[in-house]
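A.B. asks: Got a structure here, written out as structure tokens. Questions coming.
The values are calculated or read from the model by the stated rules, or taken from the named source; none is laboratory data. Computed from a predicted model, the values in this text were never measured in an experiment. Here Cβ is always computed from backbone atoms with ideal geometry, including for glycine, and neighbour counts include all displayed protein chains. Just the protein is used for accessible areas: all its heavy atoms, side chains included, with ligands, DNA and RNA removed. Shrake-Rupley method; radii C 1.70, N 1.55, O 1.52, S 1.80 Å.
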Amino acid sequence: MTLIHFLDGLRCADCGVLNVLWLDPVRALVECAECGTSALVVPEIGKEVR
């Protein structure tokens, strides 16, 4: 089972549709539900996330 989080208020850079991006933190992947474009998430090492 994979936990995903929908990213509200963000727009896909390729298709321009609002509120269709979701984040899969286990696979470090952001994907657009509309056009299928995906991007890897690279966290900054040593930065504290608040």
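A.B. asks: So what is the relative contact order of the chain, in percent, for Cα pairs below 8 Å that sit 6 or more residues apart?
C.D. replies: Relative contact order of the chain: 26 percent.
A.B. asks: Would you grab the residues whose amide H sits under 5 Å from the one on Leu7? Only those 5+ places off in sequence or on another chain, please, with H modelled 1.01 Å from N.
C.D. replies: When sequence neighbours closer than 5 places are left aside, the close amide H contacts are Leu21, Trp22, Leu23.
A.B. asks: Could you compute the net charge surrounding Leu40? Neighbours are other residues with a C-beta less than 13 Å from the C-beta of Leu40; K and R count +1, D and E count -1.
C.D. replies: Taking every other residue near Leu40 into account, the sum is -1.
A.B. asks: Follow-up. Quick one: putting +1 on the C-beta of Lys and Arg, -1 on the C-beta of Asp and Glu, what dipole do you get for the chain around its Cα centre, in Debye to the nearest 20? Before the final figure, lay out each step's value.
C.D. replies: Numbers: 4 positive and 7 negative charges, 24 e Å.
I would put it at about 120 debye.
A.B. asks: Can you list residues from other chains, or at least 5 along the same chain, whose modelled amide H is less than 5 Å from the amide H of Leu29?
C.D. replies: Under 5 Å from the amide H of Leu29: Asp24, Val41.
A.B. asks: Of the listed values (i) 33, 24, 16; (ii) 43, 29, 7; (iii) 44, 32, 17, grab the one calculated as Cα extents along the principal axes in Å from the structure here.
C.D. replies: (i)
A.B. asks: May I pose another question? Considering only protein heavy atoms and a 1.4 Å probe, what is the carbon-and-sulfur percentage of the accessible area of the chain? Numbers along the way, then the final one.
C.D. replies: Numbers: 2380 of 4180 Å².
In the chain, the share of accessible area belonging to carbon and sulfur is 57 percent.
A.B. asks: Go through segment 7-50 and name the GluC sites (Glu not before Pro) that are in a DSSP coil and have 10 or fewer other Cβ atoms within 10 Å of their Cβ.
C.D. replies: Here the GluC sites (Glu not before Pro) that fit, given the DSSP loop and packing criteria, are Glu44, Glu48.
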